Amino acid sequence: MIGRLGLLVAVLGVALFSNAGALVPFQPAFPAPMASPGPLAEVKSLNITILSTMLADDGIGEWGFAALVEADGKKILFDSGARPNTVLENAKELKIDLSDVQDVILSHFHNDHTTGLMTLRREFAKKNPAALSRVHVGKGIFLERRGRDSNPMIAMKKEYEATGGKFIEHDKPDEIQPGVWLTGPVPRTYPEKNYPAGIEVKEGDAWVEDYLPEDQSLLFNTSSGLVLLAGCGHAGIINTLEYARKFIRPAPVDAAIGGFHLYNAKDEQLNWTADKLKEFQIAQILGAHCTGIESVYRLRQRLGLSRHDCVVGTVGATFDLKDGIHTGRIAQ
C-alpha cells in the first residue's frame, strides 16, 4: 500500500512537505515555450529598490511588497504594497519619483501586493497622465474567489480603467522590453505548495482550491546570469526559475530578489529549496516580505553564502547588477 501511494504521489506531482501538512492537489502541467533562436537581448544596467516590505530603518514597514525596477534606463513598478499610502510615502522618503513610470507588474491578486495601485495612479497622473497607466497581470487574476479572501482586483479593475488605465493579461512568457521577461502563469512541476489554505477560485463552473494560477514573476537576462524578482513566489521559487531557464536560457542565477513565501516552511522544504538553488548556481538572495527571516538564514547556511550575499530585505534595500545587494542597517 505504501509503495502504491508513493507511486501515485510521484505521478501526480505532489509531495509531503507542504506548509499546511497536506498533499498538494494535482495541477495540470503545460509545456514551457522554447526560447527564440538566435542571440538573446541582455540587460546592461539594472537596479531594483524595495519600496514595501516588513523591515524598515526609514520609511514605513508593512506586510506587503513593492519594488522599483530600473532596467537600461526604463522604470517598472513591481507590485504596489498593502496599504493605500505606503509606497507613496516610502518613495517620498527615498526621494524616488514614480511619475515617469508607465508600466506596473502585479504578481498576483492578494491585497498586500495590489492595494497601493489606485493611490499611486491618481497621485502621479496629476503630473503625468501616462504615469502607472499600464498594468501587466497574469491570466486568472480577475477570477472570482471565496473563503478567507475575496478578490479585490474585480472591483479595482473598473476603478482603474475609469482613470484611463489599461490592464494587459499574460498567459505565457513575454519579453516586455529587451532582456526583461514576464513569466506569465508558471507550471507547477514541483509541489511547492506555499499559498494560503481555505480559499477557493472559480474556474469555469467549478470551485477549486486557489493555487494562485496567475502568479507571475519578472526575470532579467544579464551577462552575469538570470535575475529573478518575485512578489510572493506562490508558484514556487524553484518552479519559477526552472521554467525561466527553459524559455530564456539555462544560465546560472545571479540573484533572486523579493518574496518567496518560505516564512513557515519546514526544514525539509528549506533544505530541498536550497539544494535546488545550488544546482542553479545561485549567487545572491535578497529575501523580503514573506520569505521569512529565519528562512533566509537557513538558506544562507545551506548554500554556503555570506551575510553580504544572502540577506533580509528592508525598505530601501537595493540590488544593482554591478554593486550587488545592499540592505538596511537593521538587517545587516
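Bear in mind these aren't lab numbers, they're just calculated from the coordinates by the rules spelled out. None of these values were measured; they are calculated from a predicted model. As a convention, Cβ positions derive from the backbone with ideal geometry for all residues, glycine included, and neighbour counts pool all protein chains shown.
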Fill in: Unit Cα scatterers, Debye sum, the range 57-104: log10 I(q)/I(0) for q = 0.25, 0.27 Å⁻¹
-0.98, -1.10
Practice prompt. Give the cross-link partners of Lys126 among the aspartates and glutamates, using a straight C-alpha distance below 15 Å as the criterion and excluding same-chain residues fewer than 8 apart.
Written response: Asp97, Asp100
Worksheet item: Cross-link partners among lysines for Lys266, C-alpha distance below 22 Å, same-chain residues fewer than 8 apart left out?
Response: Lys193, Lys276, Lys278
Discussion item. Tell me the net charge near Leu40. Cut-off is 10 Å between Cβ atoms, Leu40 excluded, with +1 for each Lys or Arg and -1 for each Asp or Glu.
Written reply: -1
Worksheet entry | Percentage of interatomic Cα-Cα distances in the range 138-203 larger than 15 Å | 67 percent
Worksheet item: the range 262-332 to the range 199-224: how many Å between their Cα centroids?
Response: 23 Å
Practice prompt. At 7 Å along the Cα-to-beta-carbon direction for both Ala206 and Lys126, put a label point, then send me their distance in nm to one decimal.
Written response: 4.9 nm
Worksheet item: How many nm is it between the label spots at Ser306 and Glu159, if each spot is 7 Å from the Cα in line with the beta carbon?
Response: 4.6 nm
Worksheet entry | Paired Rg and Dmax values of the chain, which use every Cα atom, in angstrom | 18.8, 67
Discussion item. Give me the base-10 log of I(q)/I(0) for the range 192-332 at each q in 0.18 Å⁻¹, Debye formula, one uniform scatterer per Cα, rounded to two decimals.
Written reply: -1.00
Item to complete: State which stretch of the chain is the longest one without any exposed GluC sites (Glu not before Pro), exposure meaning a DSSP loop state and at most 14 other Cβ atoms within 10 Å.
Response: 145-332
Discussion item. Given Cα positions, please report Rg to Rh for the range 220-260, the hydrodynamic radius being the Kirkwood one.
Written reply: 0.94
Worksheet item: Rg (Å, one decimal) plus Dmax (Å, integer) for the alpha carbons of the range 50-129?
Response: 11.5, 33
Discussion item. Over the chain, with a Gaussian network built from C-alpha contacts below 10 Å, which listed residue (Ala265, Ala155, Ala288) shows the highest mean-square fluctuation?
Written reply: Ala155
Worksheet entry | Sequence-distant aspartates and glutamates (8 or more away, or on other chains) whose Cα lies within less than 14 Å of Lys157 | Glu144, Glu169
Discussion item. Sort Asp323, Asp97 by Cβ crowding within 10 Å, fewest neighbours at the top.
Written reply: Asp323, Asp97
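Hey, any idea what the orientation-averaged projected area of the convex hull of the range 171-260's Cα atoms comes to, in nm²?
Working: hull surface 24.0 nm².
Answer in nm², one decimal: 6.0.
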